[in-house]
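Asks: Questions regarding the structure given below will be posed in turn.
Every number here is computed from the coordinates shown, using simple stated rules; none is lab data. Since the model is a prediction, treat every value here as computed from it, not as a measurement. As a convention, Cβ positions derive from the backbone with ideal geometry for all residues, glycine included, and neighbour counts pool all protein chains shown.
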Amino acid sequence: MRDRTSPQRLDLSTPDLCTLARDAATGDGQAWHRLIHRMDGALRNVARRYRLCPADVDDVVQTTWLRATEHVAELNDPAAIASWLVVTTRREAMRTLQRGVREILVDDSAVFDDIDAASPDTAAIEGERRAAVRDAVRRLPGRERRLVTSMLAAPPTSYQRLSRLLDMPVGSIGPTRQRALARLREDTELERAVGG
C-alpha cells in the first residue's frame with residue numbers, strides 16, 4: 001500500500017508555491033530555483049507516466065519550464081502554478097507522443113486481405129469502399145490527383161522521387177497532400193459510400 005505522504009503525491013495547495021510563483025513572475029532567480037527544486041521531480045513523474053524514454057522526459061520537462069518562464073506572469077491565480085505546470089507537462093508529453101505518429105498512405109491490398117473472407121458481405125462492402133476511394137481520388141484536381149495516386153503506388157515513393165516524377169518542389173508535396181486529404185474528407189459521395 002502506498003504511503004499517502006510519499007513524494008509521488010503532489011500537494012497542489014501549498015501556500016509557498018503561490019509565493020514562489022509570484023516572485024518568479026517578477027524575475028526573482030532564487031524563486032525560480034526553489035520552484036524548480038520543488039516541482040521538477042513531480043513533473044518528471046508526470047512525464048514518465050506517458051512511457052516516454054528518459055531523453056523525451058527531459059525534453060518534456062525542459063519545455064514545461066520554458067513555457068512557465070513565458071507565461072508565469074499571465075497566471076490569474078499564482079496559487080495555481082502547480083496545477084498549471086502539471087497540465088502543461090501532460091500536454092507536452094502528449095505532443096511528444098504525437099510527434100512519432102505519421103500517416104502513411106499505401107495502396108496495399110494485403111491490408112484488405114485481412115478482412116474476414118468467410119463473409120461475402122464484408123468482402124463486397126470493402127470492395128465498394130475501395131472503389132469509392134479510387135473514384136474520389138479521380139475527382140481530385142489534376143496536381144492533387146497525380147500526387148495522391150503516386151503516393152499510393154507500391155512500393156512507397158520518397159518525397160525526393162515524387163518531386164522529380166511530378167516536377168514539384170519537395171516543400172510543396174506536404175501542403176498539396178494535406179489539401180488533397182482535406183478534399184477527400186469533404187467529398188460527400190465518398191462519405192456516403194464508406195458510411196462515414
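Asks: Would you mind ranking 94, 39 by Cβ crowding within 10 Å, fewest neighbours first?
Replies: Result, fewest neighbours first: 94, 39.
Asks: Identify the residues of segment 37-57 with backbone N under 19 Å of a label point that sits 7 angstrom from the Cα of residue 99 along the Cα-to-Cβ direction, or state none.
Replies: Only 43-57 pass the distance filter.
Asks: How far, in nm, would the chain grow between residue 149 and residue 67 when pulled straight, counting 0.36 nm per residue and subtracting the alpha carbon separation?
Replies: Contour length minus the Cα-Cα distance gives 25.4 nm.
Asks: What shape does segment 15-99 take by its C-alpha gyration tensor, where a ≥ b ≥ c are the square roots of the eigenvalues and a/c under 1.5 counts as rounded, a/b above b/c as prolate, and the rest as oblate?
Replies: prolate
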